[in-house]
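Please read the structure below before turning to the comments.
The values are calculated or read from the model by the stated rules, or taken from the named source; none is laboratory data. Values in this document were obtained by computation on a predicted structure and should not be read as measured data. When we count neighbours, we look across all protein chains shown, and the Cβ atoms used for this are built from the backbone with ideal geometry, even at glycine. We work out accessible area using only protein heavy atoms, side chains counted, and drop any ligands, DNA or RNA first. Shrake-Rupley method; radii C 1.70, N 1.55, O 1.52, S 1.80 Å.
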Amino acid sequence: MNVPTNLPLQSLNGVIERITFYNEENGYTVARFVPEGKSYTVTVIGNLMDASVGESLALQGIWTNHPTHGRQFEIKKFTIQLPATVEGIRKYLGSGLIKGIGPVTAKRIVDYFGLDTLDVIENDIARLNQVDGVGGKRIEIIQKGWAEQKQIKEVMMFLSSHGVSTALAVKIYKQYGDGALNILKNEPYRLARDIYGIGFLTADKIARALGMKEDDPARIEAGVEYVLAKFIDDGHVFAERGALVDEAREALGAQDVQVNAAIDRLALQEQVVIEDDDVTALSTRVVGTMGAGTSQAVYLTPFHIAEKNTAKRLVELKNNRSTRLADFRQVSWDKAWNWLITQSPNHLTLKQQDAVRLALTEKVSILTGGPGTGKTTTVRAIIQLLKAKHKTFKLAAPTGRAAKRLSEATGEQAQTLHRLLEFKPFEHKKFLRDRDNPLDADLIIIDETSMIDLLLMNALLKAIDLTSHVLFVGDPDQLPSVGAGNVLKDMLASQVIPAVALDVIFRQDETSLIVTNAHRINRGEMPLFRDDARDFFLFQEEEPELAAKRIVELVTSRIPNRFRLNGVADVQVLSPMHRGQAGVGELNTLLQNALNPPAQGKRETRHGSRTFRVGDKVLQTRNNYDKQIFNGDLGRVVEIDFEEQTVDIDFDGARVLYEFSELDELVHAFAMSVHKSQGSEYRAVVLPILTQHYLLLQRNLLYTAVTRAKQLVVLVGNKKAIWMAVRNNKIAQRNTRLAERLQTTDGRRQGDAPRKRRAEYRAEGAN
């Protein structure tokens, strides 16, 4: 709707009654607003910067008439005021704004002090002990929360003209304390480095508003780091210099010469490493311009160190002849196989025998295979032989869910990699296990290796003693790690590490289609859909909106009724896309409303555009080392405390408290992306697969989704989209040099063979 821009601004004072819509990305808000002195509500729209229910606002704007929604007040400017009515004060204090005061305590305090409430809190807070249930400890919490909130309001008002939300203002204050305003004014780009949830774009917006010029060297350097970090977020270990310059030029509105100069300055500061194309000599340039015909790689320094050290350590382990398992170099393997037959009904194939022998005689080895090919049987056989020789072993996997699966499959204790490495969030070195304090085990078995990113692999290898053996187990046809790198595929591509690939399918019966179809998909064949199928189904839908409705019906009624499965605990909806009507975001909204609707007495709190409710299934979206909860961990909301401003999440029995300001680390998990499902297994998987998803329809994505299911797979979409995914074997190329470093470090590189191989990878990714 077009509104004249020259209309005089009108004023409207009052209190936010309810927020009906909030867009995290731009702050656009739709709210019900009680005008001062009135009992009715009006609709206000515009950027309200995440203002809270109960807050009193002085608005300036214009009245408009929307053809569907009627009369609305369109906000152009606003200021926050302290509420002036008893009801306004009660809502203000009860909104969770002040730590220590929830709705119940707010009512007691306001009932007692009335309009004097805020003056009492500000000037004579000790009088709160006159209120029932408010003791000395509670008063201390309220006093601290009130003082914090005043500081946060200062920061917030400073940021208001830059469209930064209240939630981020809270984070900025908590990060920098009373020095927050000084840092905002003098070092705005620190925000992008120091605070999760504030990227370069937000910091740049603040800096530019404060007068920083577009071509300021500090801005260009921060922008280059931001663009390079985006490459990392996409899974790359480095950016080719030309591509980095192109991306940074577009993002910053800068010239090539300015970007190149910034890259060289960052290299001098050791923030980045510039490396020439010829990895044979492992040559590293600290500064310099790009030579003719040379394609330079630009790394953030930690990733360059990690890639070099990973290659070096793998080769050191592989070639070190000292071994804790010397007994197995003298063993009679025919006797070993015969003995295993007496211990287990499963006879090992020749390839499984090769894998067992490799793990026990080679210092580093890899075991790969798809579902049902006998990886677990092979690992159990290795463990049996280790026990027979009284040797020690440790089992680990990247995530808690993957570790739990490994433990259930082997009957032995398994740990997450972070627990194995004894992660300590407040220690300087983070991992207590390293070269100086290595793991004490004869053999270390790592499952779901495809999920391990470069930085975590580097930390793991540091902690493995040179006399120990290590076996990496995984499926290279699954999606690569969420973090940067493609470690398992690079190790295999280098042909430096001994490896066995299992390809005979065992875990299969005539009435089950899950394993059969997983392998068909992996071979580029259409999955089978049979009338008598009992565990693999297709519900045909063409339109995303209808597919989304069908998914809600399946999860809430059809699957629970037919298969006796719980729609929240047992069924996981996966989607190729985040956006759209059949994307993760919209599906989560629909499924939350259907599976865990609001109810009288059920607590909930809003953070940005999300409402978190007791009973919600949630997903951690970043590694939080302080809480020891990691990207991809699944939990359930069990309690919301308005007075303490905390949300209690149960992660598989581990209870973790989140402050309200930390809720941007969580998203709902009634639906999640296929990538986030790696390493997990669910009783039932429901997957929308539509032609609208064509940009992300890939064979390894469909394969990964199907192999997450133990009991049931339900696809919702159409066969054309399935065929598009099955035949698209393009693997998104990740910029890594680990395979080449392994070959070079091991002395195997001859001429330009690895460079040729890299060219072949690129060609494969383009076909």
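Odds and ends about this structure:
- The lone criterion from (1) assigned to a strand (DSSP E or B); (2) open to solvent by 30 Å² or more (accessible area, probe 1.4 Å); (3) closer than 23 Å to residue 692 by Cβ left unmet by residue 501 is number (3).
- Strands (runs of 3 or more DSSP E) wholly inside the stretch 525-617 that include at least 1 residues being among the hydrophobic types (A, V, I, L, M, F, W, C) and open to solvent by 20 Å² or more (accessible area, probe 1.4 Å): 536-540
- Residue within the stretch 390-403 that is over 15 Å from residue 472 (Cβ atoms) and open to solvent by 50 Å² or more (accessible area, probe 1.4 Å) present: yes
- Test result for residue 666, open to solvent by less than 10 Å² (accessible area, probe 1.4 Å) and among the aliphatic types (A, V, I, L, M): yes
- Residues satisfying the stated conditions in the stretch 314-335, i.e. touching a residue at least 60 places away in the same chain (Cβ under 8 Å), assigned to a helix (DSSP H, G or I) and out of contact with any strand residue (DSSP E or B) (no Cβ under 8 Å at 6 or more places or on another chain): 315, 316, 319, 327, 328
- Taking every residue in the stretch 452-481 that is within 21 Å of residue 708 (Cβ to Cβ) and pairing it with any residue that is part of a helix (DSSP H, G or I) and small (Gly, Ala, Ser), at least 6 positions away or on another chain, the pairs with Cβ-Cβ distances below 7 Å are 474/450; 475/450; 476/450; 478/450; 480/450; 481/450.
- Listing of helices (runs of 4 or more DSSP H) fully contained in the stretch 73-125 that carry 3 or more residues being closer than 17 Å to residue 643 by Cβ and either of a type outside the set (A, V, I, L, M) or in contact (Cβ under 8 Å) with a residue 12 or more places away in the chain (or both): 86-94, 103-113
- Selection of the stretch 170-205 for residues being open to solvent by 80 Å² or more (accessible area, probe 1.4 Å) and either among the acidic types (Asp, Glu) or under 21 Å from residue 623 (Cβ atoms) (or both) yields 174, 175, 178, 187, 193, 196.
- Index of the failed condition, residue 203 passing every other in (1) in contact with a Leu (Cβ under 6 Å, 6 or more places away or on another chain); (2) more than 24 Å from residue 259 (Cα to Cα): (2)
- Filter result for residue 711 (open to solvent by 30 Å² or more (accessible area, probe 1.4 Å) and over 30 Å from residue 232 (Cα atoms)): yes
- Between 436, 442, the distinction of being open to solvent by 40 Å² or more (accessible area, probe 1.4 Å) and closer than 26 Å to residue 326 by Cα belongs to 436 only.
- Test: residue in the stretch 236-247 that is more than 28 Å from residue 483 (Cβ to Cβ) and assigned to a helix (DSSP H, G or I): no
- Residue check for residue 651: in contact (Cβ under 8 Å) with a residue 24 or more places away in the chain and out of contact with any Gly (no Cβ under 6 Å at 6 or more places or on another chain): no
- Checked against the criterion of being under 17 Å from residue 8 (Cα atoms) and either β-branched (Val, Ile, Thr) or surrounded by fewer than 20 Cβ atoms within 10 Å (Cβ to Cβ) (or both), the stretch 92-103 has no qualifying residue.
- One residue from 437, 346, 338 being farther than 22 Å from residue 467 by Cβ and outside any helix (DSSP H, G or I): 346
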